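Read through the structure below, which is laid out as C-alpha cells, and then see the notes.
Every read-out reported here was derived from the displayed coordinates using simple, explicitly stated rules and does not represent laboratory data. Predicted model only: the values in this text are computed from it and were never measured. Positions of Cβ are backbone-derived with ideal geometry, glycine not excepted, and every protein chain shown enters the neighbour counts.
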Amino acid sequence: MGIIVQKYGGTSVGSPERIINVAERIIATKNKGNSVITVVSAMGDSTDELLDLAAQITRNPSSREMDMLLATGEQVSISLLSMAIKEKGYEVVSLTGAQAGIYTDTVHKKAKITRIDNTRLKREIEAGKIVIVAGFQGKTEGGEITTLGRGGSDTTAVAVAAAVKADVCEIYTDVDGVYTADPRIVPNASKLDFVSYDEMLELASLGALVLQTRAVEYAKQHKVRVAVKSSFNNNEGTIVEEGSAMERVRLVSGVAHDLNVAKITIYGVPDVPGIAGSLFRALADNNINVDMIVQSNPRGTINDISFTVSQEEQKKAVQVVEKIKEEVNAEGINTRDKLAKISIVGAGMQSNPGVAATMFEALANAGINIELISTSEIKVSCIVDAANAKDAVKIIHDKFKLGDKNK
Ligand code: ADP
Ligand code: ASP
Ligand code: MG
C-alpha cells in the first residue's frame, strides 16, 4: 500500500475534541493499510492570537522573531495530535518542520520551500509509525526557523507529498471541497468535482482561501494529486489535477473575491518613454507587490497611471509614488482603500469573447461601478467598492448560473 499525506487546517484541530476526532480519522486511514503522514496547522485562531500578542509588545517586530513566535502554534497541535494517537495505541511521532527536513530560503514570514531531505520522514514511515508534521514552517540552510506565509500548511502538505511520492495529498478543511464561490458568501454555490491546476491557481491567487496559491503552484510543478475534503464529514471532495484529465472545459468555474485592495493613481504624468519603468522599478525596489496596472490614453502630452496594491502596502506605495511625482513633475496623486477585486475564472473563456461582457453587464444592472478591469486567458477581474463586494459575487454567480450543479 502507498503513502497518503493528509493536512488538517486550524478549524479541524480547533479543540481537544476535534483533535481526538482527527486522530480517529488518521487511524482509520492507517488501518486500511496505508502509511500516513499528517500535516497540521495551529489550533483554531491561535496564529492570529500570536500576532495580537506581538502587536501588544511592538509595532515593528523583527521578521526573524515573528517566525520564532508563529512557529510555536503548530508545535502545540502536532504534539497534542500525537498524544491523541498514542492514547489509542498507535505508534506515532511528531516532527517540527526542521526535524522533518523541510528547508526554505531565508525570506522570513513568506519563505519558500527549497528542498526536503526526506531521510527522517522515510525512516519513521518504514518503522511503521504515523508521522505528524508541523505545517507552515521550515528552516534555512543556516538553521533559522522560517514560516511560509498565511495558509502555508497547505504548501507543507503538498511539498511533503512530493518528497515521499505519496499517492495523494488530502487537504481536510471546514468545507467539503472547492466551490463555485466562497460558500460563506454564496450559500447556493456548488461543489466542483474536479478543477485543473491552472484554474485553481487563479482562484487561489484571486482570493479563494481554500488552498494557498503556493501549494497549487507546487502541486502543478510536481504533479501532486490534491483532494480537498471536509474533516467534518465523509463527502467526496474536489480533485485538483492536470486540465487534460478533465472531461469538459467549463466556461466559468468559479467567482473569487479579494477584499484587501487599495488603488493608487498618479495623474498628469508626462507621456514620454521611461515613466512607467521608473515608477514600477521604484515600487519593486521597495518590495511592493503591484497587482493590476492601467494606463489611460494620453490627453495631449500627459496621461494617468493607476495600479492596485494590498491595503497593508498602500502607505508605503504612496510614499514611493510621492517621490516619483516630484521627479517626473506629475500633477498629483490620489489613493483609495476599501476596494475589492471580483474575478471569474474558467478555462473555457479563452474561446468565448462574450464572457467578460456578461460579467460587466451583470454589475451594471446592479448599479455597481467598475473602477479597473484586468483580464488573462482564463480570468476576468474587476475592482469595485468593497461595500458592494458580496453583492457583486452573488450577482455574477447567479448570472453564470453556477448554483446549478456544475460538472
Ligand atoms: P483551513 O484552516 O482548513 O486551512 P481556510 O479557512 O484556510 O481553512 O480555508 C477554508 C475556507 O475557504 C472555507 O471556510 C471558505 O469560507 C473559504 N473559501 C473561499 N473561497 C472558497 C471556494 N471557492 N471554495 C471553498 N471554500 C472557499
Ligand atoms: N497557522 C498558519 C495560518 O494560520 C498556517 C496555516 O493555517 O496554514 O496561517
Ligand atoms: Mg488554509
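The table below lists the values:
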| quantity | calculated |
| --- | --- |
| Residue (of L192, T213, A181) at the positive-pole extreme of region 109-238, dipole from beta-carbon charges | T213 |
| DSSP loop GluC sites (Glu not before Pro) with at most 14 other Cβ within 10 Å excluded, longest remaining stretch of the chain | 142-235 |
| ³J(HN,Hα) computed for each position of region 382-394 - Karplus, 6.51 cos²θ - 1.76 cosθ + 1.60, integer Hz, glycine/proline x | 10, 8, 10, 4, 4, 5, 9, 4, 5, 4, 4, 4, 5 |
| Region 269-312 versus region 66-101: alpha-carbon centroid distance in Å | 46 Å |
| Karplus (6.51, -1.76, 1.60) ³J(HN,Hα), θ = phi - 60°, over region 361-377, in Hz, Gly and Pro reported as x | 4, 4, 5, 4, 4, 8, x, 9, 7, 9, 8, 8, 10, 9, 9, 9, 4 |
| Between 0 and 90°, nearest 10: helix 213-222 axis offset from the chain longest Cα axis | 70 degrees |
| Size of charge dipole - region 157-228 - debye, nearest 20, with Cβ of Lys, Arg +1 and Asp, Glu -1, no other charges | 200 debye |
| Too-long pairs where the Cα-Cα distance tops 18 Å, listed order kept, from K223/K341; K263/K338; K341/K379; K109/K341; K341/K394; K338/K390 | K223/K341; K109/K341 |
| D_trans [Stokes-Einstein, Kirkwood Rh over alpha-carbon pairs] for region 40-147, 37 °C, 0.692 mPa s, µm² s⁻¹ | 226 µm²/s |
| Placed amide H near V178: partners under 5 Å, 5+ positions off or other chain | L192, T238 |
| Spread of Cα-to-Cα distances over 10 Å intervals beginning at zero, given as percent, for the chain | 5, 21, 28, 25, 15, 5, 1, 0 |
| In Hz, Karplus ³J(HN,Hα) per residue of region 100-115 (6.51, -1.76, 1.60; θ = phi - 60°; x = Gly, Pro) | 7, x, 8, 9, 10, 6, 9, 7, 4, 6, 8, 6, 9, 5, 9, 6 |
| Stokes-Einstein D in µm²/s, Kirkwood radius over Cα pairs - region 256-407 at 4 °C with 1.567 mPa s viscosity | 78 µm²/s |
| Other-chain or far-sequence residues with amide H under 5 Å of D271's (modelled H) | I302, N303 |
| Two-decimal Rg/Rh across region 216-304, once Rg and the Kirkwood Rh are taken from alpha-carbon atoms | 1.18 |
| Cα-based helix-to-principal-axis angle, 314-328 vs the chain, degrees rounded to 10 | 40 degrees |
| Estimated FRET transfer efficiency when R0 is 25 angstrom, pair V249-S63 (beta carbons, to 0.05) | 0.05 |
